[in-house]
Each structure stands twice: as structure tokens, then as C-alpha cells.
Protein chains: 2
Amino acid sequence: MSDQISPLAPARFPDLPAIAGLEAAIGRAGFYKHARPDLLLMRMPAGTKAAGVFTTNAVGSAPTDWCKQALSATRGNARGLLVNAGCANSFTGPAGDAACKRALTEAGAAIGVETREMLAASTGVIGVLLDDAKITNALLHMKQAPVSWPEAAAAIMTTDTFPKGAGATCEIDGVTVNIAGIAKGSGMIAPNMATMLAFVFTDAALSAPILKTLLKAETETSFNSITVDGDRSTNDCVLLFATGQARVPPIADARDDRLAAFRQALSDVLRDLAIQIVRDGEGATKLVKVVVEGAASDASAKIIARTICESPLVKTAIAGEDANWGRIVMAVGRADQPVKKDMIAVRFGDFYAARDGMVASTYDEAAMSAYMQRQELEITVTVGPGAGRAVMHTCDLTKRYVEINGDYRS
Amino acid sequence: MSDQISPLAPARFPDLPAIAGLEAAIGRAGFYKHARPDLLLMRMPAGTKAAGVFTTNAVGSAPTDWCKQALSATRGNARGLLVNAGCANSFTGPAGDAACKRALTEAGAAIGVETREMLAASTGVIGVLLDDAKITNALLHMKQAPVSWPEAAAAIMTTDTFPKGAGATCEIDGVTVNIAGIAKGSGMIAPNMATMLAFVFTDAALSAPILKTLLKAETETSFNSITVDGDRSTNDCVLLFATGQARVPPIADARDDRLAAFRQALSDVLRDLAIQIVRDGEGATKLVKVVVEGAASDASAKIIARTICESPLVKTAIAGEDANWGRIVMAVGRADQPVKKDMIAVRFGDFYAARDGMVASTYDEAAMSAYMQRQELEITVTVGPGAGRAVMHTCDLTKRYVEINGDYRS
């Protein structure tokens, strides 16, 4: 947690809908030297279904390994979630797995949930074994209560400068249902996935397979379409819980039309949380939306967009408010994707820098420079005649990023 | 060119052997506001053979396009080289191609070489059309003379803080031959290839196909094994010229044993130049050698090494002299290569941080912290039981990098 709040932070934490049956407790295990909550324990009512999407980092972590196994063993039944900040419990071998399980057993006992129905998420320094005794001690002082979303979101923060939440209300077949989510993340953020945790809750009664299908699809255009520094953590996870308190008619297929509004609302919530993570990118002063059009396929467009978004030269130019479009062209070229050089165009907002493979005839340095001073930028890049398109969000690379990350452990 | 010389710069420019028959002229076309040479024109004797390796960036540039076509059309016959700094002449369409050709025609006329036997290299801002009239004017004041290597190396610099040269003398079948090379590069440096230009000359009488085979092979472990920022330019090229003044017996095959010493000497020169480029990495304060062992293949090891070397979190930790080995483990995990988690080990110099998939029992934070204060670091990472191995050089990511690149064009 930093003293300086990101200049890109939203004005305030949003009002999120209550999710019936959900309880939470905040605590302090003491994984940080300074006095701040670092523990969140949530309790879901009986019948809650859950699904998760996890980091593709090959090293992984004890909590993500646990969640994958537990969700599979229980077929998506989960009633408890324990999250700690300050220790990732990644790369800690069998001892880390045992510590994770002990912490979950203690936390489950405290809220009357069996260990097998508990899920875990950890974030913090990699390679440090989770000291679960600290969690056991903290549990003595934690009391379940209706969820305070801002407090829950604050308890899972690490280098985040503001708590992140998003919510929506929609209908499934005439029944009103609610969605509320919180997330954390600011560095080690890359597609598939960021160093981020996100927990999203709905009261809709939906099956675990449907939750999983929807979560996977909507993660692709939200959390998998942001990048801060290209680094992808060992602990990333997005969990979606459905408490089932809003009794919607049984739906068997994720493609059912009656889910359209819910799907859109879920997508909005995930994307809102994802963009908030970019807004809290370490040292960020600019939020940048990169749109790549005309690629051979959507997948190809996404690779090009990611290459632009992760280019240190592009990111530092944006930090310097320099419309250095040549570096964007360089990044397009180094993405190793099929592009048509003579059709490449680069646009900052409405201002063309390049068109048809060279500097635009309407090139207006003054107008572009003025545009670059905005906090929120949109860069549109055409790479050829194809129909492939992708949108990715990133932020700039500043001295502050180097400062934050040069001295993280001490 | 910066006022501050990189702290990693060699103590002095090396003494390079003379290459018989070679001449050079230095000039100032005025691509920079400040008074400094930005033009190098070299003349090679009749019978010179040449080979090149060029950027794989899909956008490319007028000079690299020209060189590829010229080397192919003349089957490796080249007698002149024109290099300018300050304008990349990349992404400039047909007008850029025409400007490149006009500049070569004028330069060729000045030294009595046909345009088709001229090669070109440009480095500088992307997207700006080469103003060849500036070159034509400068040519009037340039006089060919025996090569002064330090001056030639300085004339091709952009953001470089010191001129780069390397040389060697060896024997081919009892005949003494010399190699001398110069290079430039400091930002936009990535494998395949860096924003770098390198020109290497030998007096050995070798055929163009042999030059090409040797250059390609030795580029892989030199210029293609360094990375500063992962960005790969539109203009990179390495050119190797053999003037043929040292009459060695005809050799038909690059694998001929009589070439062993030459091959090794060439490899040494290329690697020396490549590491000098990393030493001049923008804002660099640490030179880092990353060795990856135990991978499934050499290629897989190289991908992992590159992921470590390009991770902003690893690079900023090194800048902060923090032995944050967890980030190295994270980078190993996100390289998407086959690794054996339980065998992962990370060593800083001789100090093990991690071993057998978790923190090392001999972990000594004080010793590692002391080690991290060195200017030159070696990080060895074991990722599994395989025989795959790779070595890559990189530098740290500092605030100065952000500073240099946030304000490059202005």
C-alpha cells in the first residue's frame, strides 16, 4: 500500500449491491510491518456454487493449486474463502501446501465450513512460506458480519493505492439478480493473467458449469486484456461465486438466451475491475486503450496489441507525453504477426500520425502533443486489410514504477 | 549521445588492427541539432565480399531493404558503406527508398563506387524521411583516409554514451588475418536483433557464402543473445566485409577446419561488441549475465533466459540491488516452457537463493545483498533435468531509462 493514491483512481469506491447470505470478516495477521488489515474471510450460504480461472504461470502457488483441486473435487461447491495479502505462499514446496491447508482448516472451523469447501488466495512476496499461525491467531479476533465491500477490497491490497470494486444488477428470466466484485492488483500484471486477485459474487442460482463457462469467456476480454508490465504472477485468480439466494428458473446451458443480460452485466463488472487494476498500475499516470484493427485474426490482433502495450519504449514515450508513433510502428513490426506495411496507420484519438505506411499528410504535431497531455488516451492502429480486432488496456512506464519495484522487499 | 558516460563502459577504446585497403571518411550531415559527426562513409578495395544479418522486424527500413536486395543482386560484392545516425529512414514508403538510393549514388560517386555496390545503414528516429540533400552537402567536406576506428565508431552513435569497438588477429591455414569491428546501440535492444548496427571487417580472402554462414551462426550467440528492453528495431543490421588483402588459400566450405580459429575470433569480436551494447544499455548500472540450465532444449533455455532478462520486475529489482529471486522464479514460470518445479534453483554468483523448488537451506540474505552491489552479476537458474542451456546478457531497468526514453524526440 502506497501513501500516494494513483492519479488515475476513480473518485470514490462505488456502491455495490448486497449479495444475500454473504458474510465477511476482516483481520490482521501481521504479514506487513505497518498496521493494516491483510486478511479477509468470507462465508457463503449452503448451496453456493463456484468457478475459478487461474494463472497459467508454470510455477503456480499453494493456494491456486488448492483451489483447482478443491473446485474439481467438490464439483464447484464452495462455502468459504480465505484471502491473505503480504505472503504469496508460492514456490514453497510441500510445506507451503500443508500451511495453506492448515490455515483453511482453522478458518473453516471458525465459520463452520468444512476444509474441502474452503478456497484460498494469497498475494505478496514469492518464495516465503505462509506462517499460518499468524492467521490462526488473527481468526480469534475476527467476526463475521454483512459484507462491507470497501473494507473487504482494502484488506486484499498489496501495492494497490486504492480499493477496487464493481457491481451490477440485471434480470435473469424476469428475476432480479445482483453482482458484486472486488479485485486487487497493480504490478506484475499481464494477460493470462495479471498479479491479481478478483472475487465476484452473485445471488443468482446458477450451476457451477455455467459459472465456469461464463467466467472463462468473460475473463478473456477483461483480465486477460490488460497489461501493466508483462509480468504474470504465480498466484493470479478470479473466483466467481453464486449464492443461489435469487431463485432463477433452472438453466442448463451457458448459451441460453435468458442469460444474455447476466452475461453482459458480468462482463461489465469484470472489465470495470480489470481497468481499475490498470488505473492502479504501479507508477501509472496515463490510462491507455490500444485498439488494433485490420489484423489477420482477433488472436493476431491481440498479440500485436499486447506487444504495443508492453513495449518499454512505447510506454516511456507515453509517460513523457511524446506522441512517438515510430515506436508504435516498431512494436507492430516486432510482434511477428502478418501485417501489411503499406496499410499501417496510427491514430492518437482522432489525430492520424501515420497512414498508408508513412507519416500522415495531415500530421499535426501540436494537436497530437496536446492530446498526449490527457490522462486517458486511445491509440488506434490499423495493420492491414483483415477483420481481426483487439482492445487492450495498459498504462505508462514511469520513474515511479522503477522506484516502487526497485525496493519492494525492504 | 549523452553527457553521462555509462558506468559500465570499458576503460578505453581498444586498439584495433588495421585492415589493409580500407578507408573511411567522417562527416556531419546535421541530423542532430548539436555539433557532432553523424555520417560515416567507408570504401573497400575491389574484390571485397560482404554478408549481412538484418532485423526480423516486419516493418524494416529503406536501408535494410536496400542492403538485402543489393547483397542478393551482387552476390555479396560490396565496395562502399554509408552510415548515418539521427534518421532511421524507416516507415517512409517509396519516398524513403528513393532518398536512400540517391544518397548512395552521391556517396558512391564521391568514392568511385557504383551505386549497386554500395550498402547503407541508418539509425535514429523512425518515420522521418531521410533528407539526402544534407548528406550530399556533407560529402563535399569529407575526405577518405585510413580508418580511425574510434572516430568511425563515434560517428554512428545515437543515444550511445561511448564508442564501441573490438578486434582480433588469428591465422587461417598459416596466414595471419585481422578482424576489426565497430557497433552502436543502447536502447530498443532485443534478440533478433537489437537496435544496433555493427560493421565488421576482415582482410581475409573469404567468399560471400562463407561469410554469410559464419556471420549467421555467430550472431545467434552474440547479438541475438542480448536484450536491453525487449524492443527490436526496424533498422538493425550486422555487416561483415572481407577485403581479401590477406591471401588465404581458397576455402570452399564454412565448416572447413582451417576456419576454426577465424570462426572463434569472429565469435569473440561479435560477442565483445554485443556485450558493449548491453554495457551501454540506456540508464544501465548493472551488467547481468543470465545462465539457464537444465531446460528441455537450448532453444527452450533461451526463451526462459530472455523472459528473465526482459522482466521489468526482475530488472527493477536488480537496479535496486535487491536479490528478489521470487521474481526470477515468476519469470521462469511465465515463459511457458517445460520446467520441473521441484528442481528449480536460483543462484546469484555462488550464493543459492532457491534450490529444489524452494528457498535454499543455505539462504544467506546478507551475502546475496552484498553480491548484488557489484556492477557485474551472474544469475544461474536451473529449471529441470534437461541438457538445454543458454546464456543471455542484459542490464537493469533504472529511472534513467525512463528519463532518456520519455523525452527522446524533443
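The values are calculated or read from the model by the stated rules, or taken from the named source; none is laboratory data. Given the structure is predicted, the values throughout are model-derived calculations rather than measurements. Heads up, the Cβs are rebuilt from the backbone with ideal geometry, glycines too, and the neighbour counts pull from every protein chain shown.
Hey, among the residues in region B:126-140 that are in contact with a strand residue (DSSP E or B) (Cβ under 6 Å, 6 or more places away or on another chain) and modelled with pLDDT of 95 or more, which one's surrounded by the most Cβ atoms within 10 Å (Cβ to Cβ)? First the steps, then the outcome.
Residues of region B:126-140 in contact with a strand residue (DSSP E or B) (Cβ under 6 Å, 6 or more places away or on another chain): B:127-128, B:130, B:138.
Next cut, modelled with pLDDT of 95 or more only: B:130, B:138.
On the way: B:Leu130: 30, B:Ala138: 23.
That would be B:Leu130.
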Of those in region B:317-341 that are touching a residue at least 24 places away in the same chain (Cβ under 8 Å) and either under 11 Å from B:Lys286 (Cβ atoms) or outside the structural domain of B:Cys395 (by TED's automatic domain parsing) (or both), the residue surrounded by the fewest Cβ atoms within 10 Å (Cβ to Cβ) is B:Glu321
Reported set for region A:31-43 where residues are in contact (Cβ under 8 Å) with a residue 12 or more places away in the chain and among the basic types (Lys, Arg) is A:Arg36, A:Arg43
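Kindly evaluate A:Phe13 against the criterion of being among the aromatic types (Phe, Trp, Tyr), assigned by TED's automatic domain parsing to the domain that holds A:Gly165 and under 21 Å from A:Glu282 (Cβ atoms). Even if it seems obvious, please write down each step before you answer.
Working: among the aromatic types (Phe, Trp, Tyr): yes; assigned by TED's automatic domain parsing to the domain that holds A:Gly165: no; under 21 Å from A:Glu282 (Cβ atoms): yes.
So A:Phe13 does not fit the description; no.
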- Task: Say whether the condition of being in a strand (DSSP E or B), at pLDDT 95 or above and surrounded by 24 or more Cβ atoms within 10 Å (Cβ to Cβ) is met by at least one residue in region A:257-273.
- Result: no
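Could you tell me which of the residues A:Ala88, A:Ala35, A:Ala20 is away from chain B (no Cβ under 14 Å) and more than 30 Å from A:Arg247 (Cβ to Cβ)? Can you show your working first?
Working: A:Ala88 fails: away from chain B (no Cβ under 14 Å); A:Ala20 fails: more than 30 Å from A:Arg247 (Cβ to Cβ).
After ruling out the rest, the residue left standing is A:Ala35.
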All conditions in (1) within 23 Å of B:Gly187 (Cβ to Cβ); (2) surrounded by fewer than 24 Cβ atoms within 10 Å (Cβ to Cβ) are true of A:Ala299 except (1)
Output for Cβ contacts, cut-off 6 Å, separation at least six or different chains, first residue outside the structural domain of B:Glu117 (by TED's automatic domain parsing) in region B:225-243, second outside any strand (DSSP E or B) and modelled with pLDDT of 90 or more, reads none
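Scan the helices (runs of 4 or more DSSP H) fully inside region A:290-362 and keep the ones with 2 or more residues being over 13 Å from A:Met392 (Cβ atoms).
So the answer is A:312-319, A:325-334.
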Across region B:367-410, the tally of residues that are away from chain A (no Cβ under 13 Å) and among the aliphatic types (A, V, I, L, M) stands at 8
Requested in this report: Determine whether B:Ile277 is over 19 Å from A:Glu310 (Cβ atoms) and assigned to a helix (DSSP H, G or I).
Outcome: yes
Residue hits (region B:4-63; of a type outside the set (S, T, N, Q) and within 30 Å of B:Arg374 (Cβ to Cβ)) are B:Ile5, B:Pro7, B:Leu8, B:Ala9, B:Pro10, B:Ala11, B:Arg12, B:Phe13, B:Pro14, B:Asp15, B:Leu16
Checked region A:148-158 for anything crowded, with 22+ Cβ neighbours inside 10 Å and in a loop (DSSP other than H, G, I, E, B); matches are A:Ile156, A:Met157, A:Thr158
Considering region A:318-352, residues that are among the small types (Gly, Ala, Ser) and more than 8 Å from chain B (Cβ to nearest Cβ), and then whichever is farthest from B:Thr234 (Cα to Cα), we arrive at A:Gly349
Within region A:15-43, the count of residues that are surrounded by 15 or more Cβ atoms within 10 Å (Cβ to Cβ) and part of a loop (DSSP other than H, G, I, E, B) comes to 13
In region B:44-89, residues that are among the hydrophobic types (A, V, I, L, M, F, W, C), in contact (Cβ under 8 Å) with a residue 60 or more places away in the chain and assigned to a loop (DSSP other than H, G, I, E, B) total 4
Filter region A:68-125 for residues that are surrounded by fewer than 19 Cβ atoms within 10 Å (Cβ to Cβ) and among the basic types (Lys, Arg); the one that is nearest to the chain's Cα centre (by Cα) is A:Lys68
